[in-house]
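*Asks:* Starting off with a structure, shown below.
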C-alpha cells in the first residue's frame, strides 16, 4: 500500500518559516547530504543501510543495487529546499519467461516538504516494454518508507538476444500554496547499474521459450558431484591447473553450441589412439566438456580423460543441458564446475 501525505498534516507556518529564514538557515538546522543523480552511489549487490530491506545475493535471477535521489523544491524562484531519499532496487528474472521485475524500495532522509509526492517509473529499450509506477510521500521530518514493483516484458525475437539497460525516472508534484510559487525539481533520469539479458535462443531443454537472466553473474554447476567417477576426473584435472575452477575468471569454461565443433572435441579427446581399446561397461569421459570452447580438440589447454561407468556418462549429458537451461547459458557464456 502506498501512503499519501496531505497538506493539512503540516502547519502552513512551517512553509512560511522557510520563506522568512531562507534556505541557509533552514539547512543549518536540517543537515542533509544527497546526490543530485540516481547514479551517485550505485553499487552492485550490498545492502544499502539507508533502506530497511534485505538484498538477495547476486545470482542469475536476482540482483540488488542502491542509489541516492533528491527533489529540490524552489519557493518563489529563489529559495530552494533539497529533499533527499535512498532507493534500493531488487531485480527478479526468470530463465523461462521474457518478463522481469524491479522491486523499488524508498526511504526518505528525514527531511521533507509538506505535501510533496514522488513517483518513480522506468523505461527499457525496444523490443522491451515497461509498465507500472511507484508513488509515495517525501513530506515528513521523520524517515518514511514506501515502495512497489515495476514490470518489464521483452519481446525478443527467435534466435536473438537483447540486453536491457533500464532508465529510472522520477517526477514530483505538490499542492499549491496560496500567494507563492512552488516548483519541484526531481533528480535527472538515472541508468540502472544492473543489466538484464533476454533471449529466445533455441539451445535449451524443453519447449522453446524466451527467458531472462542477470548476465554479469557467472553460474556454477554442482550436480557433477553426484557422479563419483566423473567428479574424480574433473577434480584431478582442475588440481593440475585445468579449467572451470569456481571464482577464477581466467579459468572459466564457456559454452559451445556448434554441434560439429562439439563432435570434434569429443572425437579428438576420446580417440582410441589416446585411450586405447574400449572397455566393457565403461565410457571415455573428457574434461573440459565437449560442449565448451575449452573442449578436447583445443590446443594449449589443460585437458584430460578417464574411463568411467557408462551409466554415469549417460547421466552427464542430461545434467549439463539442465544446468544450461536453468541458468540460461547461451553460446559463449562463462560458467564454473564444482565437484
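We did not get these values from a lab; they are worked out from the coordinates using the rules stated. Since this is a predicted model, take the numbers as computed values, not measurements. Don't worry about glycine lacking a Cβ; one is built from the backbone with ideal geometry, like all the others, and counts go over all protein chains shown.
*Asks:* Length gain on complete extension for the stretch residue 145 to residue 97, per 0.36 nm per residue less the alpha carbon to alpha carbon distance?
*Replies:* 14.2 nm
*Asks:* To the nearest 0.05, what FRET efficiency results for residue 273 and residue 302 with a Förster distance of 22 Å applied to their C-beta separation?
*Replies:* Working: r = 20 Å, r/R0 = 0.89.
About 0.65, to the nearest 0.05.
*Asks:* For region 266-339, what class follows from the C-alpha gyration tensor (a ≥ b ≥ c being the square roots of its eigenvalues): rounded when a/c is under 1.5, otherwise prolate if a/b is larger than b/c, else oblate?
*Replies:* Oblate, because a/c is 1.5 or more while a/b does not exceed b/c.
*Asks:* Ok, one more. Which stretch or stretches of region 272-287 have amide N atoms under 16 Å from the point lying 7 Å from residue 240's Cα along the Cα→Cβ direction?
*Replies:* Once the point is set 7 Å along Cα→Cβ of residue 240, 274-276, 284-287 turn out to lie under 16 Å by backbone N, inside region 272-287.
*Asks:* Indicate the gyration tensor shape class of region 218-337 (rounded, prolate or oblate), computed on the Cα atoms with a ≥ b ≥ c the square roots of the eigenvalues: a/c under 1.5 is rounded; otherwise a/b larger than b/c is prolate and the rest oblate. Spell out each step's value before the answer.
*Replies:* Values: a/c = 1.44, a/b = 1.33, b/c = 1.08.
Cα axes put region 218-337 in the rounded bin.
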